[in-house]
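Enquirer: One structure, as structure tokens, below. Some questions next.
The values are calculated or read from the model by the stated rules, or taken from the named source; none is laboratory data. Remember, it's a predicted structure, so these values are computed and weren't measured experimentally. In this analysis, Cβ positions are derived from the backbone assuming ideal geometry, glycine residues included, and neighbour counts consider all displayed protein chains. Side chains are part of the model used for accessible areas, which takes the heavy atoms of the whole protein and leaves out ligands, DNA and RNA. Shrake-Rupley method; radii C 1.70, N 1.55, O 1.52, S 1.80 Å.
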Amino acid sequence: MNRRNFLKYSLRGLIVATLGKGYYNSTAAQVELVRVPVRIKQLPTPLQGLKIGLLTDFHSSFIVSDGLIKASADLVMSERPDVIVLAGDFISGSTKFLSGSIGEFKPRYLERCAAALSHLKAPLGIYGVLGNHDFWSGLAAVGAICDTLSKRVGVTWLRNTSVELNKAGATFHLLGVDDYWESSCSLAAACKGINGDSIKILLSHNPDINDDISLSNERIDLVLSGHTHGGQIVVPFLGQPVMPSKFGQKYRQGLARDGERQTYVSRGVGCLLAPIRLNCMPEATVLTLF
Ligand SMILES: [Fe+2]
């Protein structure tokens, strides 16, 4: 074999190996349970140790198996969380992003997602917000997602509203907004009627909601988000320069801080466009407040 052929076959081999590794990383066997301790200032004693299970970006579709979604739910349940939050992009059927029959909303993928999440249970309940791909699938899809996951999983939807939750006599507020890219997103509506001193945890699919929070001067203690997929394909030394966020890399994954406010961004469960993840495993998250 001459030098040119050697380089050609080596390069092909490297590409095949990388794609194979990327595919393997996107499978159920590779979901990582990420435990995140989060310090909240002046957290009432009964809320110390409160566990929040966070799952997001399932993207149930022909490239995301129900086994992967179920594996993520199993990991969260293994930690016995007090409350579970689902941060949107339940499906991938977006005609805005994917063309033709690929982009249509297909009810069978929503059914698969609901079945894979049906064993979720938490003493303080299961709450959800919608992501951009849920909205991009059309009004009928939004209705079907809300209806199906309410009935099959017991999800309470936080569409620009809040709930007061109570653990051992101490209360906090869980707020949720529609996707940040939708005109229906309203932080003001979600914050309405909440006592200024209450601990406030905001569920928002897109972490860019931080822009609205900063502009509004609302005090939010913790924001829980997904949307970025952690980059999904993160190249060594290069990272993932194309982020769907006005803040670039700031909210790509993990904990970010804006003064006293913290934002946790999960890498999410599913994949978009191709069943490939590189240096960016699918994630099931359990946050513990202290
Ligand atoms: Fe997503």
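Enquirer: Which distance in nm do the two modelled labels at K96 and S150 give, with both placed 7 Å along the Cα-to-Cβ direction?
Expert: 2.3 nm
Enquirer: List the extent of the Cα atoms of segment 33-153 along each of their three principal axes, largest first, rounded to whole Å.
Expert: Principal axes ranked by extent give 53, 27, 25 Å for the Cα atoms.
Enquirer: Same structure, new question: Between S78 and E164, with labels modelled 7 Å along Cα→Cβ, what's the label distance in nm to one decimal, could you check?
Expert: Inter-label distance under the simple model: 3.8 nm.
Enquirer: Rank D212, D147 by accessible area, highest first, at a 1.4 Å probe radius?
Expert: My answer, sorted largest first, is D147, D212.
Enquirer: Also, quick follow-up: Using 0.36 nm times the number of residues separating Q249 and K41, minus their current alpha carbon distance, what extension gain do you get?
Expert: Length gained between Q249 and K41: 72.3 nm.
Enquirer: Sorted by packing (mean other beta-carbon atoms within 10 Å per residue), highest first, where do 249-257, 269-277, 3-11 land?
Expert: 269-277, 249-257, 3-11
Enquirer: Return the whole-Å distance between the Cα centroid of segment 80-122 and the Cα centroid of segment 197-266.
Expert: 21 Å
Enquirer: Now a separate question. Please find the FRET efficiency linking A140 to A188, where r is the Cβ-Cβ separation and R0 is fixed at 25 Å, and quote it to the nearest 0.05.
Expert: Efficiency, from the Cβ-Cβ distance: 0.35.
Enquirer: Once the convex hull of the alpha carbons of the chain is built, what does its volume come to per residue, in cubic angstrom?
Expert: With only Cα atoms used, the chain gives 137 Å³ per residue.
Enquirer: Cα convex hull of segment 160-224: mean projected area in nm², to one decimal?
Expert: Average projection, Cα convex hull of segment 160-224: 4.1 nm².
Enquirer: Continuing with the same structure: At 0.36 nm per residue, and after removing the present C-alpha to C-alpha distance, how many nm does the segment from E32 to T171 gain when stretched out fully?
Expert: So the chain would gain 47.0 nm between E32 and T171.
Enquirer: Same structure again: Rounded to a whole number, what % of the accessible area of segment 3-289 do carbon and sulfur atoms account for, probe 1.4 Å?
Expert: 56 percent
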